[in-house]
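Just so it is clear, none of the values below were taken in a lab; they were calculated from the coordinates. These numbers come from a predicted model, not from an experiment. All Cβ positions, glycine included, derive from the backbone under ideal geometry; neighbour counts span all protein chains shown.
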C-alpha cells in the first residue's frame, strides 16, 4: 500500500485515488496507489522510466482502465467513465497537434466536437492565444510553421479550450532544449496561478518539479515512496532512492562518515546505524575550516557552472562533490589539497 499522506483539509479533494492498480500480465505497473489531490493544486509525479508514472496518469485521465481501485472526482466515482466524458484534458509528450490544421483550428477542436458555434469558438480561441502568450495573428498560422515552444503553448491552449477541471501533463517539456524548458516551466507555473485549475504533471526531472509544484510525489516500481512539498523532498529525502533524484549529491554510508579519521566526531541520530546513509548536498561543503566538521581534500576536477563552480574532491578513497558560489575567494586548482568543512545540521539521514 502507498505511504500515508498528511492531509488535514476538510474540503473534498479534486481527485481521490483509492487503491489504484494497473496490471499488464504479471507486471504491476501501478501498485495500490492511494492519494488525495487538492483542488487547484499543482501536483507533480516524478520517477525514472518504468516507474509507472505515465501509466498512472493515463489511468487518471481515463485512457486506461485500472485493474483495481476507485477514482473519485470531487467525490463522484468516475473509475469507468470514458475519457471523453470526463471534465479533464491532457497535454501529451508528443503534443498530438493536428499538423494539417491551423493554430486556431487546433485550439477550437474540442469545442467544435461539442457543437459550439463558430463565433464563440473563435472568441474563446483568441482568449486562449492571449493566455498562452501568442499573438492574435497566430490564429490562422499553420501549426507546422510554429517553433517547439509555440507548439507547446498551442497544446496548452487547446487543453484549456473545453474549460476542464483538471489538466494532465505527460512530460510535455522533455524534448525541448534547456533554455526553452526553463522559460516554459515559469510560464506553466504562471498559467496555473492565472487559471486556478488543478494541474497533475508527470516528469522524470526533480529539478523541473521543484520549480512548478505545490507538492511532489516520487514514484518507484509502481508506488509512491515519498510525497511532500518541494522543500520537504529536497531537505528531508526519505531514502537513498529519493536522494538520488536531487541530481548530483553526496550519499555516504555510516562507515564512510563516522568510521574514518576524515570525519571523526560526526554523530548520527540513532544507535542502530545499519543501512543508514548521510546525504550531503554539494553546496553544503565549504572551502576552509569554518564548519564544525573539517577535513582535507584533494581537488580532482573543477567545472564552471555559470554562477557557481563544481569541484570533484578525493578524501582518501572517498569521492565528494562540492559547489562554491561566485563569492569564493579564489578558484581551486586540480591537484591541490585544501581544507573543506560542513555543518552536521546540513546532513539528511536516510535508509536504503
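Spin-label model, residue 300 to residue 326: label points 7 Å out along the Cα-to-beta-carbon direction sit 2.9 nm apart.
Per-residue ellipticity at 222 nm computed for the chain from its helices equals -7000 deg cm²/dmol, with DSSP H segments shorter than 4 residues left out and the rest contributing -39,500 (n - 2.57). Shape index of region 145-211: Rg/Rh, with Rg the Cα radius of gyration and Rh the Kirkwood radius from the inverse mean 1/r over Cα pairs, equals 0.93. Here the extension length gained between residue 343 and residue 81 equals 89.0 nm, from 0.36 nm per residue of separation less the Cα-Cα distance. Debye sum, Cα scatterers, region 1-102, no solvent: what log₁₀ I/I(0) at q = 0.12 1/Å? Per q value, in the given order, log10 I(q)/I(0) is -0.44.
With Cα atoms as the point set, region 107-176 shows a radius of gyration and Dmax of 12.2, 36 Å.
In plain terms, the chain from residue 39 to residue 177 could stretch by 46.5 nm, reckoned as 0.36 nm per residue minus the Cα-Cα distance.
At 4 °C and 1.567 mPa s, grab the translational diffusion coefficient of region 44-192 from Stokes-Einstein with a Kirkwood Rh over Cα pairs, rounded to a whole number in µm² per second. In µm²/s, the coefficient is 79.
Normalised by 2.2 N^0.38 Å, where N counts its residues, the alpha-carbon radius of gyration of region 272-352 equals 1.13. Hull volume per residue, based on the alpha-carbon atoms of the chain and their convex hull, is 172 Å³. Relative to the dominant Cα principal axis of the chain, helix 118-131 is inclined by about 20°.
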